[in-house]
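Below: one structure, written as structure tokens.
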Amino acid sequence: MRPSLAFHPGIQAFTLFAASCLPSTGLAQTTLATVPAFRLDSNPLVIQRAARPNQPFSVTGERGAILGQQDGTFEVWLLPVKVLHNARLTARLKGYDAPIDLNEQASSIEVRPDHTTITYVHAGITVRQHMFIPHTSETGVASAVVLFEVHAVRPAELSLTFEPSLERQWPAPNFGRPTGGWIAAGSGGAYSLGTDNPAFFGVVAMPNAQPGPLRPYQERAKTESLVFHFSYDPAKDDGVFYPLLAAVSDGKSSGPAARADLLARLLAKQSRVAEMYRSTSDFYDHFFDKRLTISTPDAHINDALRWAEVSIEQSRVATADGSGLAGGWSTSGDSARPGFGWFFGRDTLWTLYAVNSYGDFALSRNAMNFLLAHQRADGKMMHEYSQTAPEVDWAHLPYLYASADSTPLFVMQMEDYVRASGDLSYLREHWDNVKRAYAFTRAHTTDGVYDNGQGTGWVEEWVPKMPHQEIYLAALDQQSADSMSRLAKWMNEDTLSTSAAQTAEEIKGKLAAYRAQGQDGTYSFSRNLDGSYEAVPSIFPTVAWWTGRLMLPEAKPTFDAWAGHRFATDWGTRSVAADAAIYDPISYHHGSVWPLYTGWTAMAEYRTGRSLQAYANLNASAQLTWLQDPGAITEVISGEFLEPLGRSSSHQLWSSAMLLAPAIRGLFGVEANALTHTLAIAPQLPATWNEATLDHVAVGDQRYKVTFHRNGSHLDIDASSTEATTLCLTQDITAKPCSAKPEQHHRASLPLPPVEVSTESSPATEGASTSNLKVIDVQRSDRTLILTLEAPGGTTQHLQVRKNDTKIQLLPPEGGTLEGNRVSVAFSATPGAQYQKTTVKLRW
């Protein structure tokens, strides 16, 4: 049993001291009570599985974060302050002497958009740990909540042990490990946490709880954990929650009155816990009322895309400077860095392509406003901004403008937002910002192309030296100039529009020179100052196809390389080829797999009609939703085995975005132009899908239900709305303004190829190496379909064949065996070579 206070006079002395420090407002008599249990939402979007102690979870929102491992240990952030970490739970049952380490009994995890629950199971006791972030909450007060639900066969004493942190997010200065004093409050109490800064303090409270040992002042100094001992009686406590609540000061006031006020504000929240939870559950119950949802024959794809939207929403963080998108989340341990839980320009701008695609234009505006607030006077856009940047001289640290790519990306993103939303007023409001950003790129070039002289392009380190002009940056520069030509036209600045279009065309020609002169004919990684090129085979040329308006010439060898096993793993795309001299599968930039790169690659493949390769990449990223942090997609994975790097942020913003953008714009080929009332639709659906539905497709303020249905040799498309609207369906994103009369249904019918194929593959298992079939190339002619394939030697792979014209008779294929609508392809084993290449020719 837990120690009695009677045996620890030092605790009593400290308790009386802490209470005596408070003004005579009756605060010490304020009661803390358990909360009547309430029903947690049963949102149908859910991941339920066995808890995996070595894997993380994240519960995040605008003002709080609970980050931990699936054994139930956790840390609590009231953003931007970490209040406590390494929280863990034990129990003792009455008459049962063996202590129960509940974290060792973690049985299951259930993740829904509004809350996460970890369940501990023992023969004599079950505890559920419910965690949520209130959707509307006072900053710094109960903005992250943990509820403990206990059921046991007999009375129990539970102990919640934790390390007090009271630590502001990097890089703000902190004030040492906080001290903890106990304040009794009714049947429970709170730890008052203090630091060497009298204005920076906090409080952590729990009902029905008593403190663990607190060392008397006379004892030698020693760092010890703080403990809440709370009791459970099955006769009266089965229907209650034990809430863990915390608050931190704003750093502006000190003294007993300020501490009393903070505790009073926190204790006032206990009666509103159910209301705070409902604010979150109600928000997510209606989250998809206007945001895009997708229904296909693949339930995993459907759910993964919904989780990706939720994950982006849960990366939104509110600050005094506005609301921005945090880069990524993971546990901080004893540091002050919760993954990348602060703001990045390029992370945000790449992500907004997904946000615009699913129609949350308010989020796009807020995120861009945050970036614009930190644009430099010469036009350069911000790279990195901590939540505690105002607490330091951030402008003189090397982070704010460290990268060069945010600036062209901002121009590109402004065009994408305005085109999808129709919000020309926003462009007018920020036209000067756009022009300054574009002018910055034109002022810093080599041979007329934006270079790395003003910061990193993509890579932040490189062997043997940092690049001078990455193809990544040059391709963004071309697309930025192309976007600027249309933005200027919308603003009636014809001279600027013409000049930007000419610049885009000139850069396009210079990009062609990146094509290596070697035998493989692939595109180089970068251009050196002396005009030579660094021909490392990399994934970075993929961004040239991002907007769909730039196409690098003679790129087939490059695409073939990306599709092969040198780049393509079963869980995504490596940054450099596995046979490159600099390849290191566990490095950050030299061969690891980022879902971001996989998304770039999938988009480029869809833009060029390589749908089999693109869908393999898209499906690989979708599977990552269930890999590590349930519902979120991790940042970086080994290039050799399916396992994230130890420092990978488990809830990475752009990883989720790079599932959504190529799915919506590539797989379904949907891109809106609210200015012309057109919806470009160029779908590339898998051969096994007969139909699919997109709900809430946004074209400006209008929302449409878009259905796809195979009808023999055609794919029928219908875009319907609740009221008559003017809309033209087109396959061309450059289509002219629509002049059709308003209708509720807008239809198109697209021809399908006479024969299609799909591949059969299994999701990769953790720790596995790449083993799935790779489609390198597909060539069509009048009555022939030729596929170039790679697979491990000694294996037999299978293709499913779909005939869209029922009159077609398939002839015996070359390179495979046809049985019904299935083609079997055998790959011979060759000593010393894992993957083998072969060609299959289908004829009819």
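The values are calculated or read from the model by the stated rules, or taken from the named source; none is laboratory data. The structure presented is a predicted model; accordingly, all values stated were derived computationally and were not measured. Note that we place each Cβ from the backbone using ideal geometry, even for glycine, and neighbour counts take in every protein chain shown. The protein model used for the area step is the full one, side chains on, heavy atoms only, and it has no ligands, DNA or RNA in it. Shrake-Rupley method; radii C 1.70, N 1.55, O 1.52, S 1.80 Å.
Overview of results
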item: Output for the range 530-543, where each listed residue is under 13 Å from G591 (Cα atoms), in contact with a Phe, Trp or Tyr (Cβ under 7 Å, 6 or more places away or on another chain) and open to solvent by 10 Å² or more (accessible area, probe 1.4 Å); result: V536
item: Cβ-Cβ under 8 Å pairs, at least 6 apart or on other chains, the range 296-324 side over 30 Å from P683 (Cα atoms), far side of a type in the set (G, A, S) and surrounded by 24 or more Cβ atoms within 10 Å (Cβ to Cβ); result: R316/G61; R316/G324; R316/A326; V317/G324; V317/A326; V317/G341; S323/A367; G324/A367
item: Output for the range 254-288, where each listed residue is in a helix (DSSP H, G or I) and within 21 Å of the chain's Cα centre (by Cα); result: T280, S281, F283, Y284, D285, F287, F288
item: Long-range neighbours under 7 Å by Cβ, at least six apart or interchain, first residue in contact (Cβ under 8 Å) with a residue 60 or more places away in the chain and within 14 Å of G64 (Cβ to Cβ) within the range 271-288, second open to solvent by less than 80 Å² (accessible area, probe 1.4 Å) and of a type in the set (D, E); result: T280/D114
item: Residue list for the range 463-511, restricted to those being modelled with pLDDT under 95 and not basic (K, R); result: V463, P464, G509
item: Which numbered condition E62 fails, given (1) closer than 30 Å to P173 by Cβ; (2) open to solvent by 20 Å² or more (accessible area, probe 1.4 Å); (3) of a type in the set (D, E); (4) in a strand (DSSP E or B); result: (4)
item: Complete set of residues in the range 150-173 that are under 19 Å from A91 (Cα atoms) and open to solvent by 10 Å² or more (accessible area, probe 1.4 Å); result: H151, A152, V153, R154, P155, E157, S159, T161, E163
item: Any pair with Cβ under 6 angstrom, 6 or more apart, that starts in the range 624-648 at a residue that is touching a residue at least 24 places away in the same chain (Cβ under 8 Å) and closer than 19 Å to T60 by Cβ and ends at one that is open to solvent by 10 Å² or more (accessible area, probe 1.4 Å) and small (G, A, S); result: D629/S58
item: Residue tally, condition open to solvent by 30 Å² or more (accessible area, probe 1.4 Å) and within 11 Å of the chain's Cα centre (by Cα), over the range 321-335; result: 0
item: S165 being in contact with a Lys or Arg (Cβ under 7 Å, 6 or more places away or on another chain) and closer than 28 Å to A389 by Cβ; result: yes
item: Candidate set: the range 736-775, residues that are closer than 30 Å to D629 by Cα and of a type in the set (D, E); chosen: the one nearest to the chain's Cα centre (by Cα); result: E766
item: Sole residue being part of a strand (DSSP E or B), open to solvent by 20 Å² or more (accessible area, probe 1.4 Å) and not hydroxyl-bearing (S, T, Y), chosen from A377, A362, A318; result: A318
item: Odd one out for A395 among (1) outside any loop (DSSP other than H, G, I, E, B); (2) over 21 Å from A698 (Cα atoms); (3) in contact (Cβ under 8 Å) with a residue 12 or more places away in the chain; result: (3)
item: Condition broken by G531, with the remaining ones in (1) within 27 Å of G327 (Cα to Cα); (2) at pLDDT below 95 satisfied; result: (1)
item: Selection count where residues are among the β-branched types (V, I, T) and either in contact with an Asp or Glu (Cβ under 8 Å, 6 or more places away or on another chain) or modelled with pLDDT under 95 (or both), scope the range 669-716; result: 2
item: Residues that are in a loop (DSSP other than H, G, I, E, B) and under 21 Å from I301 (Cα atoms), drawn from the range 43-59; result: N43, P44, L45, V46
item: Residue match in the range 745-763 (condition: in contact with a Ser or Thr (Cβ under 8 Å, 6 or more places away or on another chain) and either of a type in the set (D, E) or modelled with pLDDT under 95 (or both)); result: no
item: Residues (closer than 13 Å to T558 by Cα and open to solvent by 40 Å² or more (accessible area, probe 1.4 Å)) located in the range 492-529; result: R515, Q517, G518, Q519, D520
item: Total residues in the range 83-136, condition among the acidic types (D, E), open to solvent by 20 Å² or more (accessible area, probe 1.4 Å) and outside any helix (DSSP H, G or I); result: 3
item: Identity of the residue in the range 631-641, open to solvent by less than 10 Å² (accessible area, probe 1.4 Å) and of a type in the set (A, V, I, L, M, F, W, C), that ends up farthest from S315 (Cα to Cα); result: I637
item: Answer residue from the range 812-844, given it is part of a strand (DSSP E or B) and of a type in the set (G, A, S) and is farthest from S758 (Cα to Cα) among those; result: A833
item: All positions within the range 174-211 that are within 33 Å of the chain's Cα centre (by Cα), small (G, A, S) and either open to solvent by 40 Å² or more (accessible area, probe 1.4 Å) or more than 21 Å from Y242 (Cα to Cα) (or both); result: G176
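Listed here are the residues, each with its yes/no results for (1) modelled with pLDDT of 95 or more; (2) more than 40 Å from the chain's Cα centre (by Cα); (3) charged (D, E, K, R).
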{"site": "Q800", "(1), (2), (3)": "yes, no, no"}
{"site": "K807", "(1), (2), (3)": "no, yes, yes"}
{"site": "G816", "(1), (2), (3)": "yes, yes, no"}
{"site": "V823", "(1), (2), (3)": "yes, no, no"}
{"site": "T830", "(1), (2), (3)": "no, yes, no"}
{"site": "K837", "(1), (2), (3)": "yes, no, yes"}
{"site": "V840", "(1), (2), (3)": "yes, no, no"}
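Table: residues versus (1) touching a His at 6+ places or on another chain (Cβ under 7 Å); (2) open to solvent by 60 Å² or more (accessible area, probe 1.4 Å).
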residue: K222; (1), (2): no, yes
residue: L226; (1), (2): no, no
residue: A258; (1), (2): no, no
residue: R291; (1), (2): yes, no
residue: V310; (1), (2): no, no
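Yes or no, residue by residue, for (1) touching a residue at least 40 places away in the same chain (Cβ under 8 Å); (2) of a type in the set (S, T, Y); (3) touching a Gly at 6+ places or on another chain (Cβ under 8 Å):
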{"site": "G212", "(1), (2), (3)": "yes, no, no"}
{"site": "L244", "(1), (2), (3)": "yes, no, no"}
{"site": "V248", "(1), (2), (3)": "yes, no, yes"}
{"site": "S254", "(1), (2), (3)": "yes, yes, no"}
{"site": "A258", "(1), (2), (3)": "yes, no, no"}
{"site": "A264", "(1), (2), (3)": "yes, no, no"}
{"site": "A268", "(1), (2), (3)": "no, no, no"}
